[in-house]
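Okay, so here's the structure we're looking at.
The values are calculated or read from the model by the stated rules, or taken from the named source; none is laboratory data. This is a predicted model, so every value here is computed, not measured. Cβ placement follows ideal geometry from the backbone for every residue including glycine, while neighbour counts extend to all protein chains displayed. Heavy atoms of the whole protein, side chains included, go into the accessibility calculation; ligands, DNA and RNA do not. Shrake-Rupley method; radii C 1.70, N 1.55, O 1.52, S 1.80 Å.
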Amino acid sequence: MKTVDYLERKYPCRGDFIHSLYNLISTPDEDFPPSIYINGHTGTGKTSIVKNFLKICKQKNKKYHAVHVNCVECYTTKILFDHILEEFVRTEVRCETFKDFVETLRQFDVGSGNGYVVALDNADRLRDMESNVLPSLLRLQEFTGLNICVLLISQIPLEKYHCKTGLTELITLYCPQYTKLETLKILSYNYEETIKLLKLRIKDLDGGSDLEKKYVIVDQITQDFFNNYLNVFLSVFYKACRDVPELKITASKYFVTYMEPVLSGSVEMNDVAKLWRKIVTPLRSALSQVYMRFDKTQDDVISDRTDGHVENHSIRKMVQAFELPFYGKYLLIAAFLASHNSAKEDKRLFVKHHGKQRKRMQTVNAKAKVVEKMSTSLGPKSFSLDRLLAIFYAILDEKVGLTCNLLSQISTLVHLKLLGFVSGENNIMDGSARLQCTVGLEFILYIGKIVGFNVYQYLCDFS
């Protein structure tokens, strides 16, 4: 049980999953199940736990043989079989068919008491191969006569797999998303690393006589103070993102921003209300930059100013790295406008002859917005595919037909994580799907600058 204890310390809140894995495939002295299906959302620890579990079992028992394969990399049957055999046989082996694969595995098995585990990550990619590959792998124990188990790891449920010949019954293990309390517990383990990061940032950004004074303040930060910050952080981020690795990165990054007023002496460390008011706006604006890897450092900021906004050099590099097609750029602009404008304003913003609009006191007061209430600061809202295409055609000068190529560019934007599904991921064509734009205003401003489009003119906050 030392393996279980070690993995439970390394992966908190995953005890049930680790125990289930241990009971099924921990020792080759017992018969392995023919196949196990593991599914759960991204960032729940499936792959990481399985890889570490197999690594420990191999180290403890020489008769335990295991291989981890990513089906994204092994995109053909031949590459998949060759990769598995190379890990087991440790020599270069080539096989053309499933029959050759089975025969080679039998020849490799010398002696008794050996156990084999084949872990296939992103197993949903097996559906794109020949129709007999998935059913055959699930019956690999039957075909080879070996004590071998095939682990299928995926983000989608088993019901999404359809096979003409049918699939054999297999054990399923589910990795649920972390609850808010579990996420808080996991992030709290990052306390010491976050403090080290804060000291490094202070050293990089400041110097002189205040440096020692700030180090003294940092040394006074307790675990409870850090946990209070995490509560504030999760109150903003938990509904939008539950990917724990991403939350770890973002929480560490914005803890520096959270501590800035304390380090400058403008806010006391125990004044939680003032610290909340200082951090809430940066956190809400950060919602549109989840999964984006760029920081606004002093070296990145260049002297080119457009409409009073400082252009960030790292954003320019990121936009250039994506190399979006012409219509893809307009689709992304349309998605941003749909995410940050009210649907009630679409007629005024995008229809040329929309009629006169009466000026009421309510309308005038609504336009006198503070920064905290601006749509571009509150984060993206969801929109339908019909509304996205309507705005796209309204802002595009030329006439374009609704083709498969155009719709595929929406899928590309989702794949690049520039757009994200809120609901109805599998019902995109029937109009019930809801999406949201995940990029920030500065990113879209630079896209607009490339295609010669004035984004401000079509945003409620600025028009």
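Output the peptides 193-201, 147-155 sorted from most to least packed, where packing is the average of other Cβ atoms within 10 Å over each peptide's residues.
Details: 193-201: 15.6, 147-155: 23.0.
For the peptides 193-201, 147-155, the packing ranking is 147-155, 193-201.
Once neighbouring chains are kept in place and the probe is 1.4 Å, which whole percent of the accessible area of segment 224-268 is contributed by carbon and sulfur? Show your work: numbers first, answer last.
On the way: 840 of 1800 Å².
Heavy-atom surface of segment 224-268 belonging to carbon and sulfur, 1.4 Å probe: 47 percent.
Over segment 1-104, average the accessible area per residue using a 1.4 Å probe and give it in Å², no decimals. If you can, show how the numbers build up before the last one.
Working: 5320 Å² over 104 residues.
Per-residue value: 51 Å².
What does the net charge come to around residue 102 if you take all other residues with beta carbon closer than 12 Å to its beta carbon, with K and R at +1 and D and E at -1? Before the final figure, lay out the partial values.
Numbers: positive: 99, 106, 139; negative: 100, 103, 109, 142.
Result for the neighbourhood of residue 102: -1.
Report, to the nearest whole %, how much of the accessible area of segment 102-165 belongs to carbon and sulfur atoms, 1.4 Å probe, protein only. Let's see the in-between values first.
Numbers: 1380 of 3070 Å².
The value for segment 102-165 is 45 percent carbon and sulfur by accessible area.
Under the 0.36 nm per residue contour assumption, what length would be gained going from the current alpha-carbon distance of residue 231 and residue 188 to full extension? Walk me through the intermediate numbers first.
Values: separation 43, 0.36 × 43 = 15.48 nm, distance 1.02 nm.
Between residue 231 and residue 188, full extension yields 14.5 nm more.
Just grab the label-to-label distance for residue 348 and residue 421, each label 7 Å out from Cα along the Cβ direction, in nm (one decimal).
Label-label distance for residue 348 and residue 421, simple model: 3.5 nm.
Under 1.5 on a/c is rounded, so check that first for segment 21-104, then, if it is not, pick prolate when a/b is larger than b/c and oblate when it is not; a ≥ b ≥ c are the square roots of the alpha carbon gyration tensor eigenvalues. Spell out each step's value before the answer.
On the way: a/c = 1.89, a/b = 1.29, b/c = 1.46.
It is oblate, given that a/c is not under 1.5 and a/b is not larger than b/c.
Where Lys and Arg each count +1 and Asp and Glu each count -1, what net charge lies around residue 125 among other residues with Cβ under 14 Å from its Cβ? The partial results should precede the final answer.
On the way: positive: 127, 160; negative: 73, 121, 124, 128, 130.
Charge balance near residue 125 sits at -3.
With a 1.4 Å probe and all protein chains left in place, how much of the accessible area of segment 376-425 comes from carbon and sulfur atoms, in whole percent? Mind showing how you got there, number by number?
Numbers: 1420 of 2610 Å².
With neighbouring chains kept in place, the figure for segment 376-425 is 54 percent.
Among 412-418, 378-384, how do they line up from the highest to the lowest mean number of other beta-carbon atoms within 10 Å?
Values: 412-418: 16.0, 378-384: 18.9.
Output ranking for 412-418, 378-384: 378-384, 412-418.
So what is the relative contact order of segment 1-129, in percent, for Cα pairs below 8 Å that sit 6 or more residues apart? Could you put the intermediate results ahead of the total?
Working: 116 pairs, mean separation 35.5, N = 129.
It rounds to 27 percent for segment 1-129.
Determine, for each peptide in 170-181, 213-224, the mean count of other beta carbons within 10 angstrom over its residues, then list the peptides with the highest first.
Details: 170-181: 15.1, 213-224: 12.5.
Listed from highest to lowest mean packing, they are 170-181, 213-224.
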